[in-house]
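K.L.:
First the structure, then my questions, so here it is.
The values are calculated or read from the model by the stated rules, or taken from the named source; none is laboratory data. A quick note: this is a predicted structure, and the numbers were derived from the prediction, not measured. Here the Cβ positions follow ideal geometry from the backbone for every residue, glycine too, while neighbour counts run over all protein chains shown. Note: accessible area is taken over every heavy atom of the protein model, side chains too, but ligands, DNA and RNA are not part of it. Shrake-Rupley method; radii C 1.70, N 1.55, O 1.52, S 1.80 Å.
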Amino acid sequence: VFGASVPERYPRTRSSRSFKFRTIVDLGSRNSVRAEYRYFYDTWDVRAHTGEAGYSTYVGADWLVDGFVRVNGQKQALFYRDDATAALTYVTRNRQLSDFNGFSLGGKLTHMYRRVPGEYEIKLNAGYELMRFKYSNFTDVRTGGAYAFTAHVVQVYVSATY
């Protein structure tokens, strides 16, 4: 409050809801496109929107290639303050409850390693996602400007179905 550190106080309860709409269109020849939208809201007055579009195709019999782009945005909680001007019943400076926008670009490669129809299948998976988030009302104490970050997410795993 006024630049001084005070303990954060959250309401004891929180209820949230979200709705998601997705459509997938089969383009034939083992290709498809998808589009989806998700809306989130809660009793803390956080509102968030996420849109995603993607494309999937098989290369040969055993390789699946997926790519996507995602955009999202969020409006702050009722009691979020970057620097409160008064002592409030509830107050937080948690950046995850502030206003922000994000952008992601990613891809995934899946290889059907082994398959025995009716018994099991083993897949090798690798993925990469570039994420960029910009917070419009959360101050980076190191720079004095709005906080932002870029992340590179790499996934490598084996999955089995039996």
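K.L.:
Classify region 22-62 as rounded, prolate or oblate, taking a ≥ b ≥ c as the square roots of the eigenvalues of its Cα gyration tensor: rounded when a/c is under 1.5, otherwise prolate if a/b is larger than b/c and oblate if not.
P.N.:
Prolate shape, in that a/c is at least 1.5 and a/b is the bigger ratio.
K.L.:
Could you report the chain's accessible area per residue, 1.4 Å probe, as an integer in Å²?
P.N.:
66
K.L.:
Right, something else. Using the reciprocal of the averaged 1/r over all distinct C-alpha pairs, how large is the Kirkwood radius of region 66-162 in Å?
P.N.:
Averaging 1/r across every pair of different Cα atoms and inverting gives 16.6 Å.
K.L.:
Any idea which of S16, A126, T161 is furthest toward the positive side of the dipole for the chain, if Lys and Arg beta-carbons carry +1 and Asp and Glu beta-carbons -1?
P.N.:
The residue sitting most towards the positive pole is S16.
K.L.:
Let me ask something else about it. What list of whole percents do you get for P(r) of region 39-103, with Cα-Cα distances grouped in 10 Å bins up to the one holding the largest distance?
P.N.:
Over region 39-103, the share of Cα pairs per 10 Å bin runs 18, 32, 21, 15, 9, 4, 1 percent.
K.L.:
Would you mind counting up the charge near G102? Only other residues with Cβ under 9 Å from its Cβ, with Lys and Arg at +1 and Asp and Glu at -1.
P.N.:
Surrounding charge for G102 is +3.
K.L.:
For the full complex of protein chains and a 1.4 angstrom probe, list S18, S104, S32 by accessible area with the highest value first.
P.N.:
Order by accessible area, largest first: S18, S32, S104.
K.L.:
While we're on this one: When only Cα pairs under 8 Å and 6 or more residues apart are kept, what is the percent relative contact order across the chain?
P.N.:
Relative contact order, the chain: 17 percent.
K.L.:
With an 8 Å cut-off on Cα pairs and a minimum separation of 6 or more residues, tell me the relative contact order of region 110-162 in percent.
P.N.:
In percent, rounded to a whole number, it is 40.
K.L.:
Also: In the neighborhood of E36, defined by Cβ-to-Cβ distances under 14 Å, what is the net charge if each Lys or Arg adds +1 and each Asp or Glu adds -1?
P.N.:
Residues close to E36 contribute a combined charge of +3.
K.L.:
Follow-up. Rank these by accessible area, largest first, 1.4 Å probe: L78, L109.
P.N.:
Of L78, L109, the descending order of accessible area is L78, L109.
K.L.:
Restricting attention to region 73-162, which trypsin sites (Lys or Arg not before Pro) occupy a DSSP loop and are surrounded by at most 10 other Cβ atoms within 10 Å?
P.N.:
Sparse-neighbourhood loop trypsin sites (Lys or Arg not before Pro): R142.
K.L.:
What's the extension gain from N125 to R12 if we count 0.36 nm per residue and subtract their Cα-Cα distance?
P.N.:
That pair, N125 and R12, stretches by 36.6 nm at full extension.
K.L.:
Rg and Dmax of the chain, using alpha carbons, in Å: what are they?
P.N.:
When restricted to Cα atoms, the chain yields Rg and Dmax of 21.2, 66 Å.
K.L.:
Looking at region 80-162, which GluC sites (Glu not before Pro) are DSSP coil and have at most 16 other C-beta atoms within 10 Å of their C-beta?
P.N.:
Answer by residue number: E119.
K.L.:
What is the sum of charges around R115, taking Lys and Arg as +1, Asp and Glu as -1, for the other residues whose C-beta is under 11 Å from the C-beta of R115?
P.N.:
Neighbourhood net charge equals -1.
K.L.:
Now for a different question. With every protein chain present, what accessible area does T13 have (1.4 Å probe, heavy atoms only), rounded to the nearest 10 Å²?
P.N.:
About 110 Å², ignoring ligands and nucleic acids.
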